[in-house]
1. Less than 12 Å Cβ to Cβ from residue 67, Lys/Arg counted +1 and Asp/Glu -1: what total charge do the surrounding residues give?
2. By how many nm would the segment from residue 196 to residue 177 grow when fully extended, if each residue of separation counts as 0.36 nm and the alpha-carbon distance is taken off?
3. Compute the length gained on full extension between residue 135 and residue 78: take 0.36 nm times their separation in residues and subtract their Cα-Cα distance, giving the result in nm to one decimal.
4. Quick one: grab Rg to one decimal and Dmax as a whole number for the range 124-175, Cα atoms only, in Å.
5. Starting at the first residue of the range 176-187, write each ³J(HN,Hα) from the Karplus equation 6.51 cos²θ - 1.76 cosθ + 1.60 with θ = phi - 60°, in whole Hz, x for Gly and Pro.
6. Taking amide hydrogens as modeled 1.01 Å from N in the peptide plane, which residues meet the under 5 Å criterion relative to residue 26, leaving out close sequence neighbours?
7. Taking 30 Å as R0, compute the FRET efficiency from the Cβ-Cβ separation of residue 51 and residue 188 and round it to 0.05.
Amino acid sequence: MPVNNDNIYELVNVPGRNGLQISTVSKSTSPYRYNQSGSKSPWWMVSIKASKELLSSTVEGNSIYKNFAELYGFHIAAWREVSSDVSNQLFTSAMIQHEDVIILIPSGGYIADLENAMCSGTPVVKIIIQGTGWINNALKPFVTISFENSFILSVTQDGDRTFVTFRASEKSHTFFVHDQKGASKGQSVCTANLLENTSELG
């Protein structure tokens, strides 16, 4: 049976967030839709480190999967509010807003660690979202979004998937740049301190 790429993503409602939907990997994209001799690699992955690494992968020989699990979907939003009076470029009343981050991950034993972090108010050391793609016949990361010292706000299990909402102290957004031939051209990084409302380009 040939690979069928229809309906790879679907919109799902976020529990407790009226009207908010996020794009997720479709549950209808089942293994039978792929060639029996083929395989399926996740495009998006997530790593969570509390007092220990909570996630892991059984994939051997590829370090980009180490301590990562498949990420079904996520929602990240940031914006800048400015005064309606923008004469003379006066943006002194501007305010940076960062929404709480929502991720959708597989349900597993590590959910207890996240619930404990939520109940005890213990910050999670690092959460990394990573997007991967095929570059020069190799699976490589093309973007990583790293969150430091995050507080878990909610853990909502929805069958074999769990929504986790958290608020981070710092976010780093890294883009790995390649040319049309797949050669690396370095990376571009934006680091935002969400406690001090500062941003730095690296």
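1. On the way: positive: 49, 52, 66, 126; negative: 53.
Here the charged neighbours net out to +3.
2. Working: separation 19, 0.36 × 19 = 6.84 nm, distance 2.86 nm.
My answer for the length gained is 4.0 nm.
3. Numbers: separation 57, 0.36 × 57 = 20.52 nm, distance 2.93 nm.
Once the chain is fully extended between residue 135 and residue 78, it gains 17.6 nm.
4. Considering the range 124-175 through its Cα atoms, Rg and Dmax are 14.0, 40 Å.
5. 3J(HN,Hα) across the range 176-187, in whole Hz: 9, 9, 9, 8, 5, 8, x, 6, 5, 10, x, 9.
6. 9, 10
7. Working: r = 32 Å, r/R0 = 1.07.
According to the calculation, E is roughly 0.40.
Coordinate-derived values only; no laboratory data. Keep in mind the model is a prediction, meaning the values are calculated, not measured. Here Cβ is always computed from backbone atoms with ideal geometry, including for glycine, and neighbour counts include all displayed protein chains.
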